[in-house]
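The values are calculated or read from the model by the stated rules, or taken from the named source; none is laboratory data. This structure is a prediction, so every number in the text was calculated from the model and none was measured. Every residue, glycine among them, receives a Cβ derived from its backbone with ideal geometry; neighbour counts consider all protein chains shown.
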């Protein structure tokens, strides 16, 4: 069996930047073990699979080791593939997901904008080993699905050198987001670490901004914010707080188009 495969750099306008996602359109669902094996073979932070169903698509995401409940950059990449190659006449596409509901990707000038659920964080005690594994001296710790660890400056976030083995061993920690105020026109910066899920550091993360957006919108008193992810590849996102939803917008660039044999 041959399956189409696209590899897209998301949250960037430049090839080799942002977060690479594999996108595999399917005519029908394959066994979960096969989907997981394809994601492991791709060895990217996420591989997205979708199946057409009327005017929308059913969408799932896999890291090299697990299926995840929400992924932003691979959703952006999936919308890019549909509206650039599969149905270029469309201005918006809806993806139905099991745990995150229906997610819509819409053309917005030179960006693609995603409508996602907000995941506000509440103050929390850091679990044993989390801050030691991350490093630095944070000013606050909060939690939604992921721990949100707040630092005083972008420089402190950029300088973090986490112990990924120690971070993966922290109990009840799906992932950790490090964040701080931005500078030079950027409202806030972040980094995202999920070694327990097979992703030591994610280059540009949409789902983390479901938590970052409500935090920074309230703290800065702004509805629309410019965000930068300080990974080696870097990522640029425009985030808007809309009550219980957030809009996360960015660009995408095609790197590869081909076929895989299963």
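I need the full set of residues from the stretch 152-172 which are closer than 16 Å to residue 192 by Cβ and within 21 Å of the chain's Cα centre (by Cα), in order please.
Matches in the stretch 152-172: 154, 157, 158, 160, 161, 162, 164, 167, 168.
Which one of 88, 31, 25, 64 is exposed (fewer than 14 other Cβ atoms within 10 Å of the Cβ) and within 24 Å of residue 197 (Cα to Cα)?
After applying the criteria, what remains is 31.
Given the condition surrounded by fewer than 13 Cβ atoms within 10 Å (Cβ to Cβ) and without any contact (Cβ under 8 Å) to a residue 24 or more places away in the chain, answer yes or no: does some residue in the stretch 110-121 qualify? Spell out the reasoning first.
Pass one, the stretch 110-121, residues surrounded by fewer than 13 Cβ atoms within 10 Å (Cβ to Cβ): 110.
Pick out the ones that are also without any contact (Cβ under 8 Å) to a residue 24 or more places away in the chain and you get none.
The answer is no, given that none of the residues of the stretch 110-121 is surrounded by fewer than 13 Cβ atoms within 10 Å (Cβ to Cβ) and without any contact (Cβ under 8 Å) to a residue 24 or more places away in the chain.
Where the second residue is assigned to a helix (DSSP H, G or I) and modelled with pLDDT of 95 or more and the first is farther than 27 Å from residue 211 by Cβ and lies in the stretch 67-91, which pairs have Cβ atoms under 7 Å and are six or more apart or on separate chains?
Listed by first residue and then by second, the contacts come to 90/82; 90/83.
Got a sec? Which of 134, 160, 148 is over 14 Å from residue 212 (Cβ atoms) and either buried (at least 21 other Cβ atoms within 10 Å of the Cβ) or free of Cβ contacts under 8 Å to residues at least 12 places away in the same chain (or both)?
Of 134, 160, 148, the one residue that is over 14 Å from residue 212 (Cβ atoms) and either buried (at least 21 other Cβ atoms within 10 Å of the Cβ) or free of Cβ contacts under 8 Å to residues at least 12 places away in the same chain (or both) is 134.
Out of all the residues in the stretch 202-237, which are in contact (Cβ under 8 Å) with a residue 40 or more places away in the chain and either part of a helix (DSSP H, G or I) or closer than 10 Å to residue 187 by Cβ (or both)?
209, 210, 211, 212, 213, 214, 215, 226, 227, 228
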